[in-house]
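The values are calculated or read from the model by the stated rules, or taken from the named source; none is laboratory data. Keep in mind the model is a prediction, meaning the values are calculated, not measured. Here the Cβ positions follow ideal geometry from the backbone for every residue, glycine too, while neighbour counts run over all protein chains shown.
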Amino acid sequence: MTQLFDIGRSALTTYQAALTTVSRNVANVNTPGYARQSVQFGQRIGGGGVEVIQLSRAADNSALQSARSAISENAGAQARADALSRIDARLSDDATGLAEPLRALTTAVSQLSARPTDPAAREALLRATDDFAAQVQSLDANLRSEADQATSQLGSLVRGAQNQLEELALVQQRLEEAPVLDAAAATLADQRDVLLEGLAETLGVQSRVNADGSLQIGLANGQPLLEAGQPARLGLGTNALGELELTVGGVGQPRRIVGGEAGGLLQLLDEDIPAAQDALGRIAAGVADVVNANQTAGAALDGSPGQALFDSPQPRVRPASDNAGAGTLTAQRVDLGAVPDTRFTLEFDGANWSASGADGQALALAGTGAAGDPLRVGGLELTLSGGAAAGDRFVVEPAVAGQIAARPLDADALATAPAGSAANSGDNAQIIALADALAGGLFDGGRSSLQQVTNTWVSATGEAAAAAQSRADVTAAARDFAVDRRDAIQGVNLDEEAADLLRYEKAYQAAAQVLATAGSLFDSVLAAVRR
Amino acid sequence: MRIANSMLYRQVLDALQQQTRGQFEAQQAISSGLRFERAGEDPVAMAGVLRQQDANARLAAYASNAVVVESRLRQSELGLDALNDTLQAARETLLRAQSDALNSADRATLAAELRSAAAEVAAIANRQSEDGRPLYGGSTPQALFTGAAGAWVLNPPSAPARVAVAEGRQLDLGLDARGLFTTPGGSDLPTALEAMADQVALAPADAPGRAARAAALDAAIGELDGGLERVSAGRSRVGLDLATLDGLADSREAQRIAGEQELSRLRDADLAAEISRLAQHSASLEAARAVFQRLESQSLFNYLR
């Protein structure tokens, strides 16, 4: 009789636990990272009855790992695609891009050739030069603002990752201390998975939860982020060449091993934005140099020598912060058409200099760097002052776009006539020469005009933005697939839970009935004894 | 495959977002009339658009230059007509002066006509273009004739500026007037006309004098004929340039229309297609919303009472 009571009671408590698990699942149907829980029943040893022998989390480490990796890849691709799309939209718009101001400038030059002494046509050209310079400055400011925004976003990401890492260390410690997987431990495991996913999304952190519950977490190069339960110290720093980098324990990490959103932003900062700045600088310097050279070779309306219309963007050389030598390099543009397209690095090995482009490819270099024999890379000449030590490096930007400015000149100062012309001459040979120079092949061995280089830049930026968006779309599909695979295993299905609820409720009612029957039997026995 | 509730909702949400995006893009294309707004949406077409916009801007600049050149040529043509009339009238005066029946008053009148013609020629030569510069001066800013009757000073004109009016095609900005206001003998026209007036006013008493005067008047008529030939050559040059401008205007217009068509082909939205796309996405969006509603109401829990 007692056994009947005991069996009934075990069933009641067991199904109560099962119903609690079902209610937990139902309650957490929308909780991110929640892994569906289930109870496994077993026969109670000795005396019969039933008991919960195990609480399980429906989590699969391989599915979780695939989802984290796909989420990380997509976050990086999307962050880069978003920024490139903004730059693309800016360049493609007639009002904010560079193609239209350059077109307006060449049109003003052409129209001035038909009215060389007309004050209105002269003013129109000055206005066009002002507008061109202002648009270059605005685009340059826009690119710098994109870089600032990405840098600030990176700072937030790294600070967030540090917090997540510290929280993860605590959660993992408690998990390792938990004797069995109970509801509290399951909640901790869910939290761990959410934190790991967050770290993958922000930094592309790679992690593996081993079968024994231990956790390995680190960057792609194996740099651990959690050692002996202690979280690593994450930060942002700049390397010797001035590039932003992730630091772990104060040590800079190579850019390519950082993934997630931070990886996308670092790629944007190290490759995409500098490339856009160099392209802008190249066009701005091209226009400024061509216009200035033409104007200083001509005569103003009063017959005096013509003047430069622009402050032209100049090359900039930045020495690496770890240079042992005190030498500085001064760069000068001597052949506009031959100037390298993008920034490059010069390195001294103690005896010789070498130059490599942004893509790591070696560039042709001549000269020794001495005053009489400057280093020559493309159309740039670089003169060394002070000594260079072995290993010294310098980053050379061919033209700093933001330096362009239109000089405030009087319309009469425009040189439309050739040098030596009398005052008030209607000769337009100089302005015709300028129109020809602006339309002529200047870059790429004389094949591309300034307008063609500008148009190519706009469409190439569009292609880069389209490629980045396409990668973001592909990785988003891969992410959705991986997340679906993860959720197919660990997500809650309400119909399933409703069925379980019904099943356990009936079992609970039956167990209650067993107890009632046992009570009735007991009453019958008591009544028989009383008689 | 096991389906979790979160998967169902995510899928419906993705579908809703996809259809809303499609609807938004179709609406944007319809309202702007453009198939794309960023190079990233169609880099190849964008490259074509930029090339065509450059070509259109060049055409517009050529058209604007052609207007200036044409205006200058028409003003030059008017001056040439006036110059022709003046020189023709002077020639007739000289022919009349050849008669021996003229009395001194007649000769004085004819001489006055020639002096007036000299002043008229100087005035024509000093005409200004719309920008206040000498119409026939080329690039020089000075008036062609300074001084006054009896002491004309010719500031020789220079070659006019050349202006691009089509790809690889330049025309003179106005008439090249070098030599136009001088006689074949090298004298400037007003001075020559005044010298002719002096000859006309003479009344030689003897036969050798009369013969010399007649020879001088013959020579003067020859000089004027030479001048008229130069005017005629100038008119034909202006006429040729104006005809060239006409031809270029036709070809420019044809290029402009072709350019606009090419731009439209590359960039303009196909409204019929976009409207159909809008309808398609709207219908799909409705369907996705209906699925969402159905999902909301379909749960086993609804049957547990």
Inset, instruction - Would you check if there is a residue in the stretch A:70-91 being assigned to a loop (DSSP other than H, G, I, E, B) and surrounded by fewer than 24 Cβ atoms within 10 Å (Cβ to Cβ)? - result: no
Inset, instruction - Answer yes if at least one residue in the stretch A:443-450 is in contact (Cβ under 8 Å) with a residue 60 or more places away in the chain and among the basic types (Lys, Arg), and no otherwise. - result: no
Inset, instruction - Tell me, please, whether a residue that is within 10 Å of chain A (Cβ to nearest Cβ), in contact with a Pro (Cβ under 9 Å, 6 or more places away or on another chain), crowded, with 21+ Cβ neighbours inside 10 Å and modelled with pLDDT under 95 can be found in the stretch B:154-162. - result: yes
Inset, instruction - Determine whether A:Ala128 is under 30 Å from B:Pro160 (Cα atoms), in contact with a Pro (Cβ under 8 Å, 6 or more places away or on another chain) and buried (at least 20 other Cβ atoms within 10 Å of the Cβ). - result: yes
Inset, instruction - Just name the residue that is farthest from the chain's Cα centre (by Cα) out of those in the stretch A:87-106 that are within 10 Å of chain B (Cβ to nearest Cβ) and farther than 21 Å from A:Ala285 by Cβ. - result: A:Asp94
Inset, instruction - State the number of residues belonging to the stretch B:162-186 that are in a strand (DSSP E or B) and touching a strand residue (DSSP E or B) at 6+ places or on another chain (Cβ under 9 Å). - result: 8
Inset, instruction - Take the stretch B:54-71 and flag every residue that is within 19 Å of B:Ala243 (Cα to Cα) and without any contact (Cβ under 8 Å) to a residue 40 or more places away in the chain. - result: B:Ser64, B:Val67
Legend entry - Count of the stretch A:19-60 residues which are more than 38 Å from the chain's Cα centre (by Cα) and of a type in the set (D, E, K, R): 3
Legend entry - Counted residues, the stretch A:115-135 - those being out of contact with any Ser or Thr (no Cβ under 7 Å at 6 or more places or on another chain) and at the interface with another protein chain (Cβ under 8 Å from one of its Cβ atoms): 3
Inset, instruction - For A:Val194, state whether it is surrounded by 19 or more Cβ atoms within 10 Å (Cβ to Cβ), closer than 14 Å to A:Gln65 by Cα and of a type outside the set (Lys, Arg). - result: no
Legend entry - Every pair of residues 6+ apart whose Cβ atoms lie under 8 Å, when the first sits in the stretch A:498-517 and is over 17 Å from A:Glu51 (Cβ atoms) while the second is part of a helix (DSSP H, G or I) and of a type in the set (Asp, Glu): none
Inset, instruction - Please state which of the following conditions A:Thr517 fails to meet, knowing it meets all the rest: (1) buried (at least 19 other Cβ atoms within 10 Å of the Cβ); (2) more than 27 Å from the chain's Cα centre (by Cα); (3) among the polar types (S, T, N, Q). - result: (1)
Inset, instruction - Quick one: A:Ala468 ticks every box in (1) within 30 Å of A:Ala58 (Cα to Cα); (2) small (Gly, Ala, Ser); (3) facing chain B (nearest Cβ under 10 Å) except a single one, so which number is it? - result: (1)
Legend entry - Qualifying position, being at the interface with chain A (Cβ under 9 Å from one of its Cβ atoms), assigned to a helix (DSSP H, G or I) and farther than 14 Å from B:Glu130 by Cα, among B:Ala82, B:Ala66, B:Ala55: B:Ala66
Inset, instruction - Kindly check whether there is at least one residue in the stretch B:108-126 that is within 11 Å of chain A (Cβ to nearest Cβ), part of a loop (DSSP other than H, G, I, E, B) and in contact with a strand residue (DSSP E or B) (Cβ under 7 Å, 6 or more places away or on another chain). - result: no
Legend entry - Number of positions in the stretch A:1-37 that are buried (at least 17 other Cβ atoms within 10 Å of the Cβ) and not in a helix (DSSP H, G or I): 7
Inset, instruction - Write out, first by first residue and then by second, each pair whose Cβ atoms fall under 6 Å of each other, whose residues are 6+ apart or on separate chains, and whose first residue, in the stretch A:471-484, is within 12 Å of another protein chain (Cβ to nearest Cβ) while the second is surrounded by fewer than 18 Cβ atoms within 10 Å (Cβ to Cβ) and assigned to a helix (DSSP H, G or I). - result: none
Legend entry - the stretch A:209-254, subset in a loop (DSSP other than H, G, I, E, B) and closer than 16 Å to A:Arg192 by Cα, residue modelled with the highest pLDDT: A:Leu225
Inset, instruction - Being within 47 Å of the chain's Cα centre (by Cα) and within 8 Å of chain A (Cβ to nearest Cβ) is the filter; apply it to the stretch B:14-41 and report the residue that is surrounded by the fewest Cβ atoms within 10 Å (Cβ to Cβ). - result: B:Glu37
Legend entry - Within the stretch B:163-204, tally of residues that are within 11 Å of chain A (Cβ to nearest Cβ) and either of a type in the set (S, T, N, Q) or within 22 Å of B:Ser116 (Cβ to Cβ) (or both): 1
Inset, instruction - Answer with yes or no whether A:Glu166 is out of contact with any helix residue (DSSP H, G or I) (no Cβ under 9 Å at 6 or more places or on another chain) and in contact (Cβ under 8 Å) with a residue 60 or more places away in the chain. - result: yes
Inset, instruction - Go through the stretch B:42-52 and give me each residue that's within 7 Å of another protein chain (Cβ to nearest Cβ) and closer than 24 Å to B:Glu167 by Cα. - result: B:Met46, B:Ala47, B:Leu50, B:Arg51
Legend entry - Filter result for A:Arg36 (touching a strand residue (DSSP E or B) at 6+ places or on another chain (Cβ under 8 Å), closer than 29 Å to A:Gln206 by Cα and of a type in the set (D, E, K, R)): yes
Inset, instruction - Might you check whether a residue that is within 14 Å of chain B (Cβ to nearest Cβ) and over 41 Å from the mean Cα position of the chain (by Cα) occurs anywhere in the stretch A:7-16? - result: no
Legend entry - Test set (1) surrounded by fewer than 21 Cβ atoms within 10 Å (Cβ to Cβ); (2) farther than 23 Å from A:Gly250 by Cα; (3) modelled with pLDDT of 95 or more - A:Val180 fails condition number: (3)
Inset, instruction - Kindly list, by first and then second residue, each pair from a residue in the stretch A:362-387 that is closer than 13 Å to A:Thr328 by Cα to a residue that is acidic (Asp, Glu), limited to pairs with Cβ atoms under 9 Å and residues at least 6 apart or on different chains. - result: A:Pro374/A:Glu381; A:Leu375/A:Glu381
Inset, instruction - For the stretch B:4-13, indicate whether the set of residues that are modelled with pLDDT under 95, buried (at least 17 other Cβ atoms within 10 Å of the Cβ), over 24 Å from the mean Cα position of the chain (by Cα) and more than 10 Å from chain A (Cβ to nearest Cβ) is non-empty. - result: yes
Inset, instruction - Select from the stretch A:335-376 the residues that are among the hydrophobic types (A, V, I, L, M, F, W, C) and touching a helix residue (DSSP H, G or I) at 6+ places or on another chain (Cβ under 9 Å) and write down the one among them that is farthest from A:Asp272 (Cα to Cα). - result: A:Leu336
Legend entry - Answer residue from the stretch A:406-454, given it is within 14 Å of chain B (Cβ to nearest Cβ), part of a strand (DSSP E or B) and surrounded by fewer than 23 Cβ atoms within 10 Å (Cβ to Cβ) and is farthest from the chain's Cα centre (by Cα) among those: A:Pro418
